[in-house]
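Quick notes on the structure that follows.
The values are calculated or read from the model by the stated rules, or taken from the named source; none is laboratory data. Every value quoted in this text rests on a predicted model; they were computed, and no experiment measured them. Positions of Cβ are backbone-derived with ideal geometry, glycine not excepted, and every protein chain shown enters the neighbour counts.
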Amino acid sequence: MNPIPTPTVVLVPGLRDHVPDHWQTILAARIAGAVTVPPPPDDGLGRDARVTALNDTLSRIRGPVVLVAHSAGVLTTVHWAARHRHPVRGALLATPPDFDTPLPDGHPGPETLRENGWLPVPRTPLPFPSIVAASTNDPLARPDRVAELARAWGSRLVDLGPVGHLNPASGYGEWPQAPELLHAFGCGTSADTEVSA
């Protein structure tokens with residue numbers, strides 16, 4: 001009997017998530033062999049460039065992967081899944097934004113997002129198991145809107161409570177629950193006990 005291969009963890013950041021104190025950066029350092037999708041060279045708003053960056057990253061990986069996406073990285077992931085294929089064991093989709101509803105000041109508006117390819121957001125079931133981790137007080141998406149997305153994608157919805165947008169501006173930093181959720185897809189960190197302590 002062949003052993004089940006350990007999946008490679010691929011982190012898909014949002015538009016502003018390539019920072020040292022973000023939980024994805026911290027998590028990537030604790031998972032052996034984890035890979036982070038780099039920002040496009042122009043680091044602009046274009047959806048296609050981000051989907052291409054994800055697809056290029058996956059094309060260099062042999063075997064199954066587990067995707068760990070945050071914010072607009074979740075939408076990058078679902079746009080990628082609508083166009084491409086790779087053996088994906090599962091996806092942890094944390095605090096997706098609601099791009100169909102005007103975002104707070106300082107964020108792009110619906111017309112800008114549409115012009116850059118983000119709208120409409122795919123609402124078809126994902127071809128792999130997924131968990132949507134939702135905040136009850138996310139300034140970028142109401143809980144009922146995130147629940148609608150989770151249902152459309154066929155994802156299991158996990159209520160994180162009031163964690164804001166789960167980013168450094170909301171006090172995260174480290175996200176201790178991430179390794180626990182990743183265990184559902186056969187992943188572990190090199191410091192599970194330290195993370196959960």
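Key figures for this structure:
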| quantity | calculated |
| --- | --- |
| The one condition in (1) under 22 Å from ARG151 (Cα atoms); (2) in contact with a helix residue (DSSP H, G or I) (Cβ under 6 Å, 6 or more places away or on another chain) that VAL51 fails to fulfil | (1) |
| Among the residues listed as PRO110, PRO102, PRO120, PRO127, the single one being of a type outside the set (A, V, I, L, M, F, W, C) and either in contact (Cβ under 8 Å) with a residue 24 or more places away in the chain or closer than 28 Å to CYS187 by Cα (or both) | PRO127 |
| Restricting region 51-75 to residues that are β-branched (Val, Ile, Thr) and within 8 Å of the chain's Cα centre (by Cα), the residue that is nearest to LEU27 (Cα to Cα) | VAL68 |
| Selected residue (only one of ALA169, ALA150 is out of contact with any helix residue (DSSP H, G or I) (no Cβ under 9 Å at 6 or more places or on another chain), assigned to a helix (DSSP H, G or I), of a type in the set (Gly, Ala, Ser) and without any contact (Cβ under 8 Å) to a residue 12 or more places away in the chain) | ALA169 |
| Helices (runs of 4 or more DSSP H) lying entirely in region 1-111 (those with 1 or more residues that are surrounded by fewer than 19 Cβ atoms within 10 Å (Cβ to Cβ)) | 23-30, 47-59 |
| Out of ARG123, ARG114, sole residue that is outside any strand (DSSP E or B) and closer than 15 Å to ALA82 by Cα | ARG123 |
| Test: residue in region 185-192 that is on the phi < 0 side of the Ramachandran plot and in a helix (DSSP H, G or I) | yes |
| Region 132-159, subset crowded, with 20+ Cβ neighbours inside 10 Å and not small (Gly, Ala, Ser), residue farthest from HIS84 (Cα to Cα) | ASP138 |
| Filter pass, VAL132 being in contact with a strand residue (DSSP E or B) (Cβ under 6 Å, 6 or more places away or on another chain), at pLDDT 95 or above, on the phi < 0 side of the Ramachandran plot and in a strand (DSSP E or B) | yes |
| Matching residues, region 118-131, being among the polar types (S, T, N, Q) and surrounded by fewer than 22 Cβ atoms within 10 Å (Cβ to Cβ) | THR124 |
| Only one of ALA134, ALA81 that is under 23 Å from SER170 (Cβ atoms) and small (Gly, Ala, Ser) | ALA134 |
| Boolean, VAL163 is surrounded by fewer than 19 Cβ atoms within 10 Å (Cβ to Cβ), of a type in the set (Val, Ile, Thr) and at pLDDT 95 or above | no |
